Every structure is written in structure tokens, then in C-alpha cells.
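What follows is a short report on a single structure.
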Amino acid sequence: MILPTKNVSPARALITIASEIVLVAPPDLVTSGQLWERVVARRNQSGVESPLSFDWFVLALDVLFVLGLVSADGDLIRVEGTYAALAN
């Protein structure tokens, strides 16, 4: 479930979705809905045909939280290791 297996494709593995979240997250605070829209848009643009449900997206956020890469500030989320922050 977290990693790809013979029953879970790489596109549906939580670690893959978590990496997509980190790639699209802005360096500042964002709502979960905004982050969800960014991930879905990226997957559509990339041509990923595997559907992504919101609950699977939330599980990927949970993985990032457990790893210490996501923090919450009220209703807002901060992804600590965003690609935008790493690029600067």
C-alpha cells in the first residue's frame, strides 16, 4: 500500500502520491483542497490514468505527516520539503 507491490501499481502507491504532493506544494501554507486540486491537475497533465480518490490522497498526507514532512497550522497545511523550496 505504501510501496508498489504486485497488487498496488506504482501510480497508486502512497509513496508516489506523497511525492506528487511534495512536488506541487507551494512553499507557504495551503488548504487540503488546494493541494488536492494541484495533485489532480498534475496527474491529468502527466497522463496518469490511475484514478485518485480523495481518501487515498489523505492517506498519502498521513504518510508525509508521520515522516515529519507535513505540519498543520489550523486548517492550513505546510509541506516542509517542497520542490519550490529545494529549487531556490
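The tail of the calculated P(r) for the chain, taken as Cα-Cα distances beyond 22 Å, holds 21 percent of the pairs.
Roll a 1.4 angstrom probe over the protein heavy atoms and tell me the percent of accessible area of the chain that is carbon or sulfur.
Numbers: 3120 of 5370 Å².
Using a 1.4 Å probe with all protein chains present, the chain comes out at 58 percent carbon and sulfur.
Counting only protein heavy atoms and a 1.4 Å probe, the chain has 61 square angstrom of accessible area per residue.
For the chain, the longest principal axis of the alpha carbon atoms and the long axis of helix 14-24 meet at an angle near 40°.
Rolling a 1.4 Å probe over the protein chains gives residue 78 an accessible area of about 80 Å². For helix 54-66, report the angle its Cα long axis makes with the longest principal axis of the Cα atoms of the chain; keep it between 0 and 90° and round to the nearest 10°. For helix 54-66, the angle is close to 60 degrees.
Phi angles of region 29-37 translate, via the Karplus equation with coefficients 6.51, -1.76, 1.60 and θ = phi - 60°, into HN-Hα couplings of 6, 8, 7, 5, x, 5, 5, 4, 4 Hz per residue; Gly and Pro are given as x.
In this structure, the amide hydrogen of residue 80, modeled 1.01 Å from its nitrogen in the peptide plane, lies closer than 5 angstrom to those of 70, 71, counting only residues at least 5 positions away or on a different chain.
The values are calculated or read from the model by the stated rules, or taken from the named source; none is laboratory data. As the structure is a prediction and not an experimental result, all values here were calculated from the model. Remember, those area values only see protein heavy atoms, side chains included, never the ligands or the DNA or RNA. Shrake-Rupley method; radii C 1.70, N 1.55, O 1.52, S 1.80 Å.
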